[in-house]
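J.: Can you read through this structure? Questions will come right after.
The values are calculated or read from the model by the stated rules, or taken from the named source; none is laboratory data. None of these values were measured; they are calculated from a predicted model. Every residue, glycine among them, receives a Cβ derived from its backbone with ideal geometry; neighbour counts consider all protein chains shown.
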Amino acid sequence: MRALPAAVALTAVYALTLASAQPLDLVAGAALAGALLVGLRRFLFAGRPLRSQAVGRRLVAFPRLAAAVMGEIVRGTWQVALVVVGRRPLHSPGIVCIPIGERTPSGVAASALMLTLAPGEFLVDVDWEGGSMLVHVLDASDPDAVRRHHDRFYERYQRMVFP
């Protein structure tokens with residue numbers, strides 16, 4: 001039953017992307033949505049359905065998360081700009097291993113997306129067996145500080161929305 005609203009939403013996104021509500025376009029969007037939902041059902045519907053209270057809490061916490069992500073984008077843009085214009089030297093770029101911790105697979109995906117949105121960092125790989133994400137950062141001189149920053153971001157902003 002959870003798949004029906006998802007299929008409708010995906011079909012609507014498809015129609016909006018095409019800027020078309022022609023019947024054949026809607027049928028094609030519904031077919032594509034169905035194929036995606038069937039192909040990704042283990043990932044999308046692996047857990048128990050969310051209770052309406054959990055959905056409400058997530059919706060309430062989302063604006064705070066979005067604002068925090070925007071802040072990270074501004075901070076990352078500023079740091080990269082300082083390096084590009086030569087005001088800050090690029091001393092020690094590198095890869096930092098960040099523990100996954102209590103993140104769910106969808107939480108890892110959300111973390112990876114959000115940290116990649118901010119310039120200066122991107123996800124290199126996820127080591128599921130080792131329980132860590134490998135992230136390339138502009139300044140890897142203090143890997144513990146990078147880990148603390150990501151842990152603090154997860155606990156303060158992301159955990160309520162994408163655990």
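J.: Check VAL96, VAL60, VAL69 and return the single one that is surrounded by 11 or more Cβ atoms within 10 Å (Cβ to Cβ), at pLDDT below 90 and β-branched (Val, Ile, Thr).
T.: VAL60
Results for (1) in contact with a strand residue (DSSP E or B) (Cβ under 7 Å, 6 or more places away or on another chain); (2) surrounded by 14 or more Cβ atoms within 10 Å (Cβ to Cβ), shown as yes or no for each residue.
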| site | (1), (2) |
| --- | --- |
| ALA109 | no, yes |
| MET114 | no, yes |
| ALA118 | no, yes |
| GLY130 | no, no |
| MET133 | yes, yes |
| ASP139 | no, yes |
| HIS150 | yes, yes |
| GLU155 | no, no |
| MET160 | no, yes |
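J.: Cβ-Cβ distance below 9 Å, separation of 6 or more or different chains: which pairs start in the range 1-20 with a residue that is in contact (Cβ under 8 Å) with a residue 60 or more places away in the chain and under 16 Å from ARG41 (Cα atoms) and end on one that is exposed (fewer than 12 other Cβ atoms within 10 Å of the Cβ) and of a type in the set (Lys, Arg)?
T.: Taking only residues 6 or more apart or on different chains, not a single pair turns up.
J.: Give the number of residues within the range 95-144 that are touching a His at 6+ places or on another chain (Cβ under 6 Å) and without any contact (Cβ under 8 Å) to a residue 24 or more places away in the chain.
T.: Looking only at that region, the number is 1.
J.: Please state which one of ARG75, ARG103, ARG64, ARG147 is touching a Phe, Trp or Tyr at 6+ places or on another chain (Cβ under 9 Å), of a type in the set (Lys, Arg) and in a helix (DSSP H, G or I).
T.: ARG64
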